[in-house]
């Protein structure tokens, strides 16, 4: 039997117990104006109706590929599984509780086709609540990563406070080869974005064509302690101590050392990393990581205190924020 040619775009949805929003996410992919796509869903041994929902779509639409893990591996292996199954020229992760507007894939793939030196394209984000009602727009500032200099792109993602929504942008598949992908630690999305910035320019489209859902079961709300977050990322490391800020910095150093950069650009990137400790509470986060080895809830307590004193971080909406 002949093998079907690869699609232009692959979308991967990693999911665990996603019955509340999963159908919305799937329909948003299958309803795209760009039809040359495949949708890969990896189910992390869900115990709700997730499997039933996925099998129904897979049986009725040949663009849907469904796999189910025999046990919950954690988010990182599940995220990487959908990438490894993808065949498209461009790849996008989609969280099971988010959704795309119909023109998202057509617009972002067109931008990458027209700009061969760009590795990632995303749009301004439209936030919605648990019922799908509009909350507000979030501009991640990704446009700053369009600079031709790797060090400037790296600095824009490493030194600036931003929510890592662009981890869910459309990515040139070749740029993801031999990358970190979704590493098993809190902050892995930030690390991958930084690595991709060293590899090429990033493009932001101003029209909001993706909707991200704000609700109480989001990862950072449901997993407050460092050990809970470590378990969420990789169940094989459940209960082990975690120092995610230190791991993130180590990954930054490693990628700057190993990516093929001109000597002057590499030096500028190391200067960025020297400045990293003085911005965005990074030194304090590193100390809280150490404290969490003794006080398991230190991370959650520190984040709650920071939010109470200074408000939510960019891209994280609070219940009391005006709509």
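Note on the stretch 28-55: among residues that are part of a helix (DSSP H, G or I), in contact with a helix residue (DSSP H, G or I) (Cβ under 9 Å, 6 or more places away or on another chain) and free of Cβ contacts under 8 Å to residues at least 60 places away in the same chain, the one that is surrounded by the fewest Cβ atoms within 10 Å (Cβ to Cβ) is 30.
When 75, 145, 81, 86 are checked against the criterion of being free of Cβ contacts under 8 Å to residues at least 60 places away in the same chain, buried (at least 17 other Cβ atoms within 10 Å of the Cβ) and under 18 Å from the mean Cα position of the chain (by Cα), a single residue qualifies: 145.
Exactly one residue out of 295, 272, 299 is farther than 29 Å from residue 257 by Cα, surrounded by 16 or more Cβ atoms within 10 Å (Cβ to Cβ) and either in contact (Cβ under 8 Å) with a residue 12 or more places away in the chain or out of contact with any strand residue (DSSP E or B) (no Cβ under 6 Å at 6 or more places or on another chain) (or both), and it is 299. Checked against (1) surrounded by 14 or more Cβ atoms within 10 Å (Cβ to Cβ); (2) closer than 19 Å to residue 162 by Cα; (3) at pLDDT 85 or above, residue 317 passes all but a single condition, namely (3). On the basis of being modelled with pLDDT of 75 or more, under 24 Å from the mean Cα position of the chain (by Cα) and assigned to a helix (DSSP H, G or I), does residue 253 make the cut? It is true that residue 253 is modelled with pLDDT of 75 or more, under 24 Å from the mean Cα position of the chain (by Cα) and assigned to a helix (DSSP H, G or I).
Among 90, 104, 83, 21, which is in contact with a strand residue (DSSP E or B) (Cβ under 9 Å, 6 or more places away or on another chain), over 25 Å from residue 196 (Cβ atoms) and at pLDDT 95 or above? Matching residue, one of 90, 104, 83, 21: 21.
The values are calculated or read from the model by the stated rules, or taken from the named source; none is laboratory data. The structure displayed is predicted, hence computed values, not measured ones. With ideal geometry, Cβ positions are generated from the backbone for all residues, glycine too; neighbour counts draw on all protein chains shown.
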